[in-house]
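Below is one structure, written out as structure tokens, with a few remarks after it.
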Amino acid sequence: MTAEIIYGDKLAESLRLEMKSEVETLKEKGITPKLTVVLIGDDPASKSYVSGKQKAADFIGIDSTLLSLPTSTTEHELLNTIDQLNRDTKVNGILVQLPLPAHINEQHVIEAIHPNKDVDGFHPISIGRMLTQQETFLPCTPYGILTMLQSKNIEISGKHAVIVGRSNIVGKPVGQLLLNNHATVTYCHSRTPNMTEYTKQADILIVAVGRANMIGADAVKAGAIVIDVGVNRIEDGSLTGDVDFDSVKEKASFLTPVPKGVGPMTITMLMKNTIKAARDQAE
Ligand code: GUN
């Protein structure tokens with residue numbers, strides 16, 4: 001079997017076009033969605049992610065502001081900044097780019113963002129709402145993965161989904177979203193012995209670890225749907241996923257590439273959440 005490749009960049013492009021016209025309509029009603037991104041320090045990867053978010057916002061017509069603060073910013077200063085953004089009625093969404101410098105407690109920062117402006121979906125209130133299937137901001141990467149599966153009319157209900165990785169940002173919430181859509185979910189992680197025994201049972205395999213090519217064809221069931229969330233820079237400077245694309249392509253029924261897979265969808269869902277924030281706050 002040769003897998004159908006799910007191109008996240010193509011899907012992201014069509015969703016961004018839809019959002020662009022949605023924002024035009026909102027602007028006619030006097031609503032301009034506004035996102036403020038806070039970046040601490042000058043980590044090149046974070047800068048590059050943030051610039052991708054700004055480009056997407058510009059294209060869609062979302063007003064985006066970058067607040068670039070020095071690495072020396074204290075936790076107290078950052079919490080004050082967030083407090084001001086929480087109070088600023090023009091700001092609909094707040095995103096603090098992670099990771100933060102070691103002297104700032106990430107959880108304190110995440111919990112300082114008002115849940116109504118939590119477009120990342122990282123606040124414990126947002127996570128709790130997702131868990132209990134209430135309306136909320138869904139975390140962007142899991143939301144993007146769900147949208148990719150739905151775009152190919154892939155049935156989730158009744159399927160065995162195996163998640164490799166248990167981060168708060170991707171692994172844990174994507175399993176929860178698939179559970180909410182009636183999948184049977186298994187989590188694997190660094191302490192799982194004989195991991196391939198589990199991955200080989202997956203109808204839907206989601207890999208979010210950050211280890212280049214860790215999943216080969218021998219770890220995949222024939223006909224499985226394989227979603228690769230990993231982004232790894234290898235020795236030759238190119239980007240590669242956690243899944244060995246060339247071998248798994250010959251065994252899976254669907255496969256996402258890296259780059260041009262999940263990454264562009266993450267940014268797109270952030271824009272969707274920002275538009276939702278603007279709509280909700282206008283009510
Ligand atoms: N760093 C890597 N991914 C993300 C993300 O989705 N949101 C934030 N805030 N920081 C990140």
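Considering only the stretch 115-133, state which residues are assigned to a loop (DSSP other than H, G, I, E, B), touching a helix residue (DSSP H, G or I) at 6+ places or on another chain (Cβ under 8 Å) and away from the ligand (no atom under 15 Å from the Cβ).
Q133
Against the conditions (1) more than 30 Å from A224 (Cβ to Cβ); (2) modelled with pLDDT under 95; (3) in contact with an Asp or Glu (Cβ under 8 Å, 6 or more places away or on another chain); (4) not acidic (D, E), where does T71 fall short? Just the number, please.
(2)
How many residues are under 17 Å from the mean Cα position of the chain (by Cα) and away from the ligand (no atom under 11 Å from the Cβ) when one looks only at the stretch 94-114?
The number of residues fulfilling the criteria is 0.
Just the residues that are within 19 Å of A45 (Cβ to Cβ) and loosely packed, with under 13 Cβ neighbours inside 10 Å, please, taken from the stretch 72-125.
The answer is P99, A102.
Listed residues A3, A45, A56; which is within 16 Å of the ligand (Cβ to nearest atom), touching a Ser or Thr at 6+ places or on another chain (Cβ under 9 Å) and small (G, A, S)?
Checking each option against the conditions leaves just A56.
Since I154 meets every condition but one in (1) within 18 Å of the chain's Cα centre (by Cα); (2) away from the ligand (no atom under 16 Å from the Cβ); (3) touching a residue at least 40 places away in the same chain (Cβ under 8 Å), which condition does it not meet?
The single condition I154 does not satisfy is (1).
The values are calculated or read from the model by the stated rules, or taken from the named source; none is laboratory data. Every value quoted in this text rests on a predicted model; they were computed, and no experiment measured them. All Cβ positions, glycine included, derive from the backbone under ideal geometry; neighbour counts span all protein chains shown.
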